[in-house]
Amino acid sequence: MQDGVDRVRTHFDAIGDVEWERMVATPRDRVSFELHRRLLAEHVQAGDRVLEVGAGPGRFTIELARLGARVVVTDISSVQLELNERHVREAGCADAVEHRIVQDVRDVAHFDNGEFDAVVAFGGPLSYVFEDAEDTFHALVFVTRPERHLLASVMSSVGSFRYFLPIALEEVEKYGAEFYDRVMETGDLRGIPGSHTCQMYRWREIEALAAGAHGRFVAASASNCMSLADADVVAAIEADPDRWRWFLDWEAQLCREPGALDGGTHILFAFRRDPEPPPGLWERARGRNKAGWRPVR
């Protein structure tokens, strides 16, 4: 497992500020950013103390600050945390950040039970923990205050296969259909040489992760739906501000249709923690804290 952690850390160290541009590089990316932003606005309130896991260079840290939240920022990559500090400061939001911590998402359980009003794990942190995904999901829920929300996104296997079909077909030709059958069945990309190291999910697999987590899903969305189609058409819509707002409203609505959840490159969700956990569940979550943490600021 440590080899996988090191590969993820090395990847995000290496891409540097490319990650800052990823959510706004194209009209499709800007739709995805808006879908994430809307989920934040639904469930984060002014004055909330928020744990942001896998925060990267700060796109959503800035949005949380603009919502009036106080943020504890974590990421596995010290390079991404340095970029986070710079971008958040340049946006005039530095005072919103309490701490920045170099930390694996699996080690959130060193925080106290219900310490945060909301936990945000956008950008797919749960897609990088593989066999530890269920325990990590539970830990994220139990550092969330009762009756508040874990907000997260993961990579989608169905939508990604659809969107990256030419690349997928090249890999089928290179490694064989039987090899790629296993990739599609499991969503695990670790076996593809040179591939981005991550776990992709179907919505039913996210539901399975949450089994026994003492809460319920209150929102789920694909990212994206209609905007994964013809890029030129989406760009033309964006050029008209009124039509763009209309399109985004429909995109946000249609992405939450049950039949659309697996159809985007990512799956977004909000999970509401129940008032009180049953005995023993918190101890299970805390048992995942192995690597510890160290503050950056």
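Read the figures in this text as sums done on the coordinates, not as results from a lab. The model shown is predicted, which means the values in this text are computed figures rather than measured ones. Note that each Cβ is placed from the backbone with ideal geometry, even for glycine, and that neighbours are counted across all protein chains shown.
So, in nm, how far is label H11 from label A91 when the simple model puts each one 7 Å beyond its Cα toward the Cβ?
Computed distance between label sites H11 and A91 equals 2.3 nm.
Let me have the 222 nm mean residue ellipticity of the chain computed from DSSP H runs of 4+ only, each contributing -39500 (n - 2.57), with the sum over all residues rounded to the nearest 500.
The helix-only estimate for the chain comes to -13000 deg cm²/dmol at 222 nm.
Among DSSP bridges having both ends in the chain, what percentage is antiparallel? Round to the nearest 5.
Given both bridge residues lie in the chain, the antiparallel proportion sits at roughly 50 percent.
For the stretch 34-44, just list the computed ³J(HN,Hα) in residue order, Karplus coefficients 6.51, -1.76 and 1.60, θ = phi - 60°, integers in Hz, with x standing in for Gly and Pro.
For the stretch 34-44, the Karplus curve yields 5, 5, 5, 4, 5, 5, 4, 5, 6, 10, 10 Hz.
Summing Lys, Arg as +1 and Asp, Glu as -1, what charge do residues with Cβ under 14 Å from the Cβ of R28 carry, R28 excluded?
-4
Below 10 angstrom from the Cβ of V234, what's the summed charge of the other residues (Lys, Arg +1; Asp, Glu -1)?
-2
Based on a Kirkwood Rh over C-alpha pairs, give the Stokes-Einstein translational diffusion coefficient of the stretch 1-101 at 10 °C and viscosity 1.306 mPa s in µm²/s.
114 µm²/s
With the chain treated as a Gaussian network of Cα nodes joined by springs under 10 Å, which of M184, M155, M200 yields the largest mean-square fluctuation?
Looking only at M184, M155, M200, the biggest GNM fluctuation is shown by M184.
Could you list log10 I(q)/I(0) for the stretch 2-280 at q = 0.11 Å⁻¹, which the Debye formula gives when each Cα is one point scatterer?
Normalising to I(0) and taking log10 leaves -0.62.
Cut-off 10 angstrom, C-alpha nodes, Gaussian network model of the chain. Which of G16, G58, G123 fluctuates the most?
Result: G16 has the largest fluctuation of those listed.
Tally Lys and Arg at +1 and Asp and Glu at -1 over the other residues with C-beta under 12 Å from the C-beta of M184: what net charge comes out?
The answer is -2.
Only Lys, Arg, Asp and Glu count, each charged at its Cβ (+1, +1, -1, -1), so figure out the dipole size of the stretch 207-256 about its Cα centre, rounded to 20 debye.
For this selection, approximately 340 debye.
Identify which of H149, H36, H99 has the largest mean-square fluctuation in a Gaussian network model of the chain, with springs joining Cα atoms closer than 10 Å.
H99
Would you mind pulling out the separation of the Cα centroids of the stretch 40-96 and the stretch 8-26, in Å?
16 Å
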